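Reviewing the structure listed below.
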Amino acid sequence: MERTLVIIKPDGVKRALIGRIIERYEDKNLKISAMKFENATQEILEKHYEEHLGKPFYESLLSFMKSGPVVVMVLYGENAIELVRKINGATDFLKADSGSIRGQYAFCTTENLVHGSDSKDSAEREIHLWFPELKS
Ligand code: CMP
């Protein structure tokens, strides 16, 4: 069993896609073990996106992520990290598989609806960041 962190970004919330996005994960047998709806702070976003500091899209990414509430959740199941990334689709919406969330709904690379951890180390780091109350 593996766990991963998923964020439904402000565009997914504003476009009323929360239910349809969560359904995709549940349909692939991923289970939700924690979930919350909140406004992300500058502090948490700086830590979450520290690897992107200095990239051309960094400032617009942070301001987009603060533009409205997000849904943050921990999903678990077999191969949860890779499965979520497949369900989400490629970061570049033009390259995202048409059956993926981004392939179906995204029309921008920054405002791309969802985030999924990209490795076991990132998943644990991100889960501790967003849900410090959860045990390892
Ligand atoms: P995410 O999976 O949350 O991880 C980093 C985010 O940065 C990514 O989704 C996009 O929202 C954004 N991003 C990554 N690459 C680019 C890019 N080339 N141009 C604009 N935004 C990007």
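Against the definition (touching a residue at least 12 places away in the same chain (Cβ under 8 Å) and of a type in the set (Lys, Arg)), how does Lys55 come out, yes or no?
Taking the combined requirement at face value, the residue does not satisfy it.
For Ile32, which of the numbered conditions (1) farther than 16 Å from Ala123 by Cβ; (2) surrounded by 12 or more Cβ atoms within 10 Å (Cβ to Cβ); (3) touching an Asp or Glu at 6+ places or on another chain (Cβ under 9 Å) fails to hold?
Unmet condition: (1).
Of the residues Ala123, Ala40, only one is away from the ligand (no atom under 11 Å from the Cβ) and assigned to a loop (DSSP other than H, G, I, E, B); which?
Result of the check over Ala123, Ala40: Ala40.
Inspect all residues belonging to region 2-20 and state whether any of them is more than 15 Å from the ligand (Cβ to nearest atom), in a helix (DSSP H, G or I), among the basic types (Lys, Arg) and free of Cβ contacts under 8 Å to residues at least 12 places away in the same chain.
Yes, region 2-20 contains at least one residue that is more than 15 Å from the ligand (Cβ to nearest atom), in a helix (DSSP H, G or I), among the basic types (Lys, Arg) and free of Cβ contacts under 8 Å to residues at least 12 places away in the same chain.
Taking the conditions exactly as written (more than 10 Å from the ligand (Cβ to nearest atom) and not charged (D, E, K, R)), does Met65 satisfy them or not?
No, not satisfied.
When region 59-79 is examined, which residues are found to be exposed (fewer than 14 other Cβ atoms within 10 Å of the Cβ) and not in a loop (DSSP other than H, G, I, E, B)?
Result: Glu59, Ser60, Ser63.
Can you pull out every residue in region 93-109 that is basic (Lys, Arg) and surrounded by 20 or more Cβ atoms within 10 Å (Cβ to Cβ)?
Residue satisfying the conditions is Arg102 alone.
Kindly provide the set of residues from region 58-71 that are touching an Asp or Glu at 6+ places or on another chain (Cβ under 7 Å) and touching a residue at least 60 places away in the same chain (Cβ under 8 Å), ordered by number.
Selection gives Val70 alone.
Exactly one condition in (1) under 23 Å from Ser60 (Cα atoms); (2) at pLDDT below 95 is false for Lys135; which is it?
(1)
The values are calculated or read from the model by the stated rules, or taken from the named source; none is laboratory data. Worth saying up front: this structure is predicted, and the values here are computed from it rather than measured. For neighbour counting, all protein chains shown are included, and Cβ atoms are generated from backbone atoms with ideal geometry for every residue, glycine included.
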